[in-house]
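First comes the structure, then the notes that go with it.
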Amino acid sequence: GRTRVCGIFGCPVEHSFSPAMQNAAFKAAGLDYVYVPFLVRPGHLQAAVEAVRALDMAGVNVTIPHKETVLSFLDEISEEARLTGAVNTIVNRTGRLFGDNTDGKGFLRSLKENTGFTPAGKTALLIGAGGAARAVAVQLALAGLKKLFLANRSEGRARELAAFLAAQAGTEVEVIPWPKGESEVLPGRAVTESDLVVQATSLGMYPRQQETVPLPFELFGPGKVACDLVYNPVETLFLQKAGQAGATAVDGLGMLLYQGALAFELWTGIAAPVGAMREALVRLYPVKKNG
Ligand code: NDP
């Protein structure tokens, strides 16, 4: 047989959770595949992408700082990749390189598997305007979200994302101002009117687990879903506070798992062994550095 090679291109890449997760998946599925972390420095990205073709690799994941720059080196990109302007998965289709973004789809699948939540006709509050927030916003809009409240520390970034979404999708977007003073919180209306609150900033991530978004947490009642993208730690202060107030909490590990499951399915064409992948991820905790 011929071992098929997958991997991840990033800089840094050594703390990625993906090799453990994907190698566990290949083993569980009985596939002769291997997943390798590749340290790809910024000036070498194009050569690294060319190597996927030259070495007939099955495909790769792409992470910081290459997700945006990689687009110009690919033959074809998905709708999600085009709309988010970022690629996290490359598939080698007999020499033609296809770029996709499974982050947003992974987020939605995690939400659905954990809570049954579907965005059509619903209202959500999204906190953050970085790469992860953009992937989530695009996917929610594609899935028919009715209204999105958007808040980000740098309001200009929130306005940019809002303008982009308004031009691309039928979702109504309202930018809400970030609290000015230490004792202020985001407006209660954005929480009470929302079915879903997504924390997509890096607040609360190791080693600053004691920090969180300034929110009126007492308004997170039963029936609301609170979702954090941070997965180190798994149980963030945001999820603890929202959960204590009665909301259903969904952690960032689910998104990490399903973006990987979708990449696995793109490379192998078979259903991902999600249980084995989740076990491999859980075995990585407690971790000290961010993945
Ligand atoms: P970016 O660097 O692109 O964006 C960072 C975001 O966090 C911005 O909105 C930024 O606001 C905000 N932020 C950072 N520090 C603070 C602070 N002190 N106060 C308020 N806001 C702050 O990062 P990503 O979007 O790529 O990642 C965000 C988080 O999501 C990370 O923790 C990452 O690990 C996680 N993630 C999880 C995934 C998963 O599969 N579960 C997938 C991808 C990411 P500003 O614009 O003002 O700087």
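FYI, it's all coordinate maths here, none of it is from the lab. Keep in mind that what you see is a predicted model, and the values were worked out from it rather than measured. A quick note on method: Cβ atoms are made from the backbone with ideal geometry, for glycine too, and the neighbour counts reach across all protein chains shown.
Got a sec? How would Thr192, Thr102, Thr268 order by Cβ neighbour count within 10 Å, fewest to most?
Ranking Thr192, Thr102, Thr268 by Cβ neighbours within 10 Å, fewest first, gives Thr192, Thr268, Thr102.
Subtract the Cα-Cα distance of Gln240 and Glu174 from 0.36 nm times their separation in residues, and report this length gain in nm to one decimal.
Full extension from Gln240 to Glu174 adds 21.1 nm.
Pick from Arg208, Arg153, Arg278 the residue whose mean-square fluctuation is largest in a GNM of the chain, springs joining Cα atoms under 10 Å.
Arg208
What is the local net charge at Leu262, summed over the other residues whose Cβ is closer than 12 Å to its Cβ (Lys, Arg +1; Asp, Glu -1)?
Once all neighbours under 12 Å are counted, the net charge is -2.
When DSSP assigns beta bridges and you keep just the ones with both residues in the chain, what percent turn out antiparallel, to the nearest 5?
The answer is about 20 percent antiparallel.
How large is the charge dipole for the chain, taken about the Cα centre, if only the Cβ atoms of Lys, Arg (+1) and Asp, Glu (-1) carry charge, to the nearest 20 debye?
Using only the charged Cβ atoms, the result is roughly 260 debye.
If you count the DSSP beta bridges with both ends in the range 57-107, what percent of them are antiparallel, to the nearest 5?
The answer is about 80 percent antiparallel.
Helix 253-268 versus the longest principal axis of the chain: what angle, 0 to 90°, nearest 10, using Cα atoms?
30 degrees
When the chain is treated as a GNM, springs tying every alpha-carbon pair under 10 Å, which of Ile270, Ile127, Ile77 comes out with the largest mean-square fluctuation?
Of the options given, Ile270 has the highest mean-square fluctuation.
Would you mind classifying the range 104-251 by shape? Square roots of the alpha carbon gyration tensor eigenvalues, ordered a ≥ b ≥ c; an a/c under 1.5 is rounded, otherwise it is prolate if a/b is larger than b/c and oblate if not.
Judged from the Cα gyration tensor, the range 104-251 comes out rounded (a/c under 1.5).
Going by how many other Cβ atoms sit within 10 Å of their own, how do Phe164, Phe26 line up, fewest first?
Phe164, Phe26
Remind me, relative contact order of the chain in percent, using alpha carbon pairs under 8 angstrom and six or more residues apart?
17 percent
Please work out whether the range 100-155 counts as rounded, prolate or oblate from its C-alpha gyration tensor, where a ≥ b ≥ c are the square roots of the eigenvalues and a/c under 1.5 means rounded, while otherwise a/b larger than b/c means prolate and anything else oblate?
Note, shape of the range 100-155 comes out oblate.
Counting each pair of different Cα atoms once, what's the Kirkwood radius of the chain in Å, rounded to one decimal?
When all Cα pairs of the chain are included, the Kirkwood radius is 19.5 Å.
About the Cα centre, and with charges only on the beta carbon of Lys, Arg (+1) and Asp, Glu (-1), how big is the dipole of the range 138-261? Nearest 20 debye, please.
160 debye
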